[in-house]
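First the structure, in the form of structure tokens, and then the observations on it.
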2 protein chains.
Amino acid sequence: MHGADGFIAVDWGTTNRRAYRIDSEGTCVSSFEDQSGVLSVPADGFAAAAADVRARLGDLPMLLAGMVGSTRGWVEAPYVACPAGLDDLAAGLSWIEPGRTAIVPGLSVVTDDRADVMRGEEVQLFGAIASGLIPGTSFVCHPGTHNKWVTIVDGRIISFRTVMTGEMFSTLRERGILTEMLTGSVVPGEHFIRGVRRGLSGATLTAELFSARAQVLLGQIERDCAPSYVSGLLIGADLGVGLGLAPDGEAVIMGDSELTGLYAAAAADCALPVVEIDGGQAFVAGAFALARSIP
Amino acid sequence: MHGADGFIAVDWGTTNRRAYRIDSEGTCVSSFEDQSGVLSVPADGFAAAAADVRARLGDLPMLLAGMVGSTRGWVEAPYVACPAGLDDLAAGLSWIEPGRTAIVPGLSVVTDDRADVMRGEEVQLFGAIASGLIPGTSFVCHPGTHNKWVTIVDGRIISFRTVMTGEMFSTLRERGILTEMLTGSVVPGEHFIRGVRRGLSGATLTAELFSARAQVLLGQIERDCAPSYVSGLLIGADLGVGLGLAPDGEAVIMGDSELTGLYAAAAADCALPVVEIDGGQAFVAGAFALARSIP
């Protein structure tokens, strides 16, 4: 992938994909985003879906990251165990066609009492380091459907912990006893912060979520404020996990600004200094660094 | 409801209803259960649904308990605040037709930092006391869609705490990243107990649930054992709430035997002595005691 014409990198997730054409200097010269996530592609349809990307961005070598490498994706790219650096990712690529199409492996963590996995975020993380957006020793929060708290030392991902905050919130909005009170929007104000503090207290989420409903029924929380309170509860519990892992000093929050803003507001309330950075830019930098690391 | 022919009591929940004809001695002489829960009855259809019960069990006075008294039910019966005794329930009945059809109020708890509500379980609780199934001073676990931990002193419900364990488990089975690994059955064996211990440790559920998935992906948990582990996690977290409220001595577990068995297995692992009792029998006794308390 060292050609003068550059290459294509795709962040191919469960429900959408973002494809970037990156030139030989590492600059993104063209890109698109669509809803052709892994779940929308039939098991035998990935070659055609990849050809479609080339038809739109150029007939170039291609690196594919994210859920496209999972059991539901094109080819399962086995996880690389942490601690892992960019070279380990490059060595662990699963080649669909040598020199032309590769899938980036995800990362795994296994300890005596838990396990964890990541697919896609690792490219952003290494990219943020490679491009100087964050130091090589950093503590990163990566919100999304599944938030990741990531410990990076000297450019290597040492460990991480996933909290399924985003998925839980969207699930509660769509199914069960809380749905009718969660239709509004989330605002990082008073009710959100009250939820954050409650979530951070270590209280049991399955009890606190029901209490939120009771507080609405009994008039302690206005229905319009319930989404903010419940989002705060979940993000507060999530932040509790992060604070338990955080070294001294600041945390980096990387991802879409809507989510990073909520996490930043929660972190500010408990005096955790944070820096927000954009995930898309980091992905391009990570894919470029990875392409250059291929032996 | 003191007539020689007795009366009808209905435990009318969200998804089903159980109706009992009770004679003047308090004995259930006829009953049925069907799927005509509150959600299946149109807003203007409750009079007809009640007439259907009388058509099947007799043209008698009727006490209705459970979600039929909620905002989604026939008539909203305002909550009675705890501490509350059987007399408070009787005084708080919402009469649809005086002397003939009444809705039993639910109970509420409000403190500085939380709120809670109950509808239906209160009849079983007072019934268990009235019939001598449990002492007037008891600590009761009432598993179901929404488990309740209830503190009863001298025949009055002092306080309670709801944990939405059952709803969370069924939600995770139906929607989201864990669904495919939760299709099997729950067995209260080794994997269940490992989950219970993890849940009891105070670990954050949204992190532990994702870790369960990662443990399956990485081969640490057999897929067939995942439902037991995840059920254990949720019941362990629930039990942690209960242990935080439990006085010395034993807890009563009241409800359906499938669920009470899981809670009893979890309690046994942490040396909480428990007694299991049947909820249906307690409901009949509670409705009879309530009918006799009507001024």
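The values are calculated or read from the model by the stated rules, or taken from the named source; none is laboratory data. As the structure is a computational prediction, the values presented were derived from the model and not from experiment. Using ideal geometry, Cβ is built from the backbone for each residue, glycine included, and neighbour counts are taken over all protein chains shown. Calculation scope for accessible area: heavy atoms of the full protein, side chains included, ligands and nucleic acids excluded. Shrake-Rupley method; radii C 1.70, N 1.55, O 1.52, S 1.80 Å.
Backbone N atoms of the range A:28-67 closer than 16 Å to the 7 Å Cα→Cβ label point of residue A:15 belong to residues A:34-41, A:67. Compute the Cα gyration tensor for chain A, then decide on rounded, prolate or oblate, letting a ≥ b ≥ c be the square roots of its eigenvalues: rounded whenever a/c is under 1.5, prolate when a/b is larger than b/c in the other cases, and oblate in all that remain. Prolate, because a/c is 1.5 or more and a/b exceeds b/c.
Label point of residue A:135 (7 Å along Cα→beta-carbon): distances to the other copies' equivalent points are 6.1 nm, sorted ascending. Calculate what fraction, in whole %, of the accessible area of the protein assembly as shown sits on carbon and sulfur atoms when a 1.4 Å probe is rolled over the protein chains. That share works out to 50 percent.
Under a 1.4 angstrom probe, counting protein chains only, how are B:169, B:7 ranked by accessible area, largest first?
Details: B:169 30, B:7 5 Å².
From most accessible down to least: B:169, B:7.
Sequence-distant contacts, meaning Cα pairs under 8 Å at least 6 residues apart, place the relative contact order of chain B at 18 percent.
Would you mind counting up the charge near residue B:14? Only other residues with Cβ under 12 Å from its Cβ, with Lys and Arg at +1 and Asp and Glu at -1. Net local charge, residue B:14 excluded: +1. Taking Cα centre as origin and charging only the Cβ of basic (Lys, Arg, +1) and acidic (Asp, Glu, -1) residues, the dipole magnitude of chain A rounds to 400 debye. For the range A:10-64, the percent of C-alpha pairs falling in each 10 Å distance bin, counted from 0 to the bin holding the largest distance, reads 24, 57, 18, 2. A probe of 1.4 angstrom, applied to the heavy atoms of all protein chains, finds residue A:87 with accessible area near 110 square angstrom. Using the Cα coordinates of the protein assembly as shown, the gyration tensor eigenvalues translate into equivalent-ellipsoid semi-axes of 54, 23, 21 Å, sorted from longest to shortest.
The angle between the Cα long axis of helix A:257-269 and the longest principal axis of the Cα atoms of chain A comes to about 50 degrees, rounded to the nearest 10.
Would you mind getting the Kirkwood hydrodynamic radius of the range B:18-121 from its Cα pairs, rounded to one decimal in Å?
For the range B:18-121, inverting the mean 1/r across all distinct Cα pairs yields 14.7 Å.
For chain B, give the share of DSSP beta bridges that are antiparallel, in percent and rounded to the nearest 5; count only bridges with both residues there. Of those bridges, close to 65 percent are antiparallel. For the range B:50-119, the share of DSSP beta bridges that are antiparallel, to the nearest 5, is 60%. Calculated over the range A:117-216, the projected area of the Cα convex hull averaged across directions stands at 8.0 nm². Segment residue A:243..residue A:23, full-extension length gain: 75.3 nm, with 0.36 nm per residue of separation and the alpha-carbon distance subtracted. Computed with a 1.4 Å probe on the full set of protein chains, the accessible area for residue B:183 sits at about 120 Å². Only one residue of A:199, A:92, A:117 has its Cα farthest out toward the positive end of the dipole of the range A:53-202, where Lys and Arg carry +1 and Asp and Glu -1 on Cβ, and that residue is A:199.
Protection proxy ranking of B:234-242, B:188-196, B:64-72, by the mean of other Cβ atoms within 10 Å over each peptide's residues and highest first, is B:234-242, B:64-72, B:188-196. The charge dipole of the protein assembly as shown, taken about its Cα centre with unit charges on the Cβ atoms of Lys, Arg (+1), Asp and Glu (-1) only, comes to about 240 debye.
Scalar couplings 3J(HN,Hα) for the range B:21-36, obtained by applying the Karplus form with A = 6.51, B = -1.76, C = 1.60 to θ = phi - 60°, are 9, 10, 7, 5, 9, x, 8, 6, 9, 6, 7, 8, 10, 9, 9, 7 Hz; x denotes Gly and Pro.
Using a 1.4 Å probe on protein heavy atoms only, how many Å² of accessible area do A and B hide from each other, summed over both chains and rounded to 100?
On the way: alone 13310 and 13300 Å², together 22480 Å².
The buried area between A and B, both sides summed, comes to about 4100 Å².
Antiparallel beta bridges, as assigned by DSSP with both residues in the protein assembly as shown, represent about 65 percent of the total such bridges. Between identical copies, the spacing of residue B:23 label points, each set 7 Å from Cα toward the C-beta atom, reads 9.4 nm from nearest to farthest. Note on the range A:237-295: dipole from Cβ charges, positive end direction compared against A:293, A:244, A:281; the farthest Cα belongs to A:293.
Shielding of peptide A:136-149 by partners, expressed as the average count of other chain Cβ atoms within 10 Å per residue Cβ, is 1. Counting Cβ atoms of other protein chains within 10 Å of each Cβ in A:212-223 and taking the mean gives 4. A Förster distance of 25 Å, applied to the separation of the beta-carbon atoms of residue B:224 and residue A:81, puts the FRET efficiency at 0.50.
Please compute, over every Cα-Cα pair in the range A:143-295, the percentage with a separation greater than 19 angstrom.
55 percent
Simple spin-label estimate for residue B:137 and residue A:40 gives 6.4 nm between the two label positions (7 Å along the Cα-to-Cβ direction from each Cα). Pairs of Cα atoms in the range A:175-217 fall into 5 Å distance bins, from 0 up to the last occupied one, in shares of 5, 19, 28, 30, 17, 1 percent.
Classified by the C-alpha gyration tensor, the range B:68-143 has an oblate form. Its axis ratio a/c, with a ≥ b ≥ c, is 1.5 or above, and a/b does not exceed b/c. Around the Cα centre of the range B:1-92, unit charges on the Cβ atoms of Lys, Arg, Asp and Glu (plus for the first two, minus for the last two) sum to a dipole of about 220 debye. Each other copy holds its own label point for residue A:250; taking that point as 7 Å from Cα along Cα to Cβ, the gaps run 6.0 nm, nearest first. Each label was represented as a point 7 Å from its Cα along the Cα-to-Cβ direction; for residue A:250 and residue A:271 these points are 1.8 nm apart. For residue B:48 and residue B:33, the difference between the fully extended length at 0.36 nm per residue and the C-alpha to C-alpha distance is 3.7 nm. Relative to the longest principal axis of the Cα atoms of chain B, the long axis of helix B:46-57 lies at roughly 80 degrees.
Cα-based values for the range B:59-108, radius of gyration first and Dmax second, are 10.5, 35 Å. Per residue, the accessible area of the range B:3-138 comes to 40 Å², computed with a 1.4 Å probe over protein heavy atoms only. At an R0 of 35 angstrom, the distance between the Cβ atoms of residue B:71 and residue B:278 translates into a FRET efficiency of 0.70.
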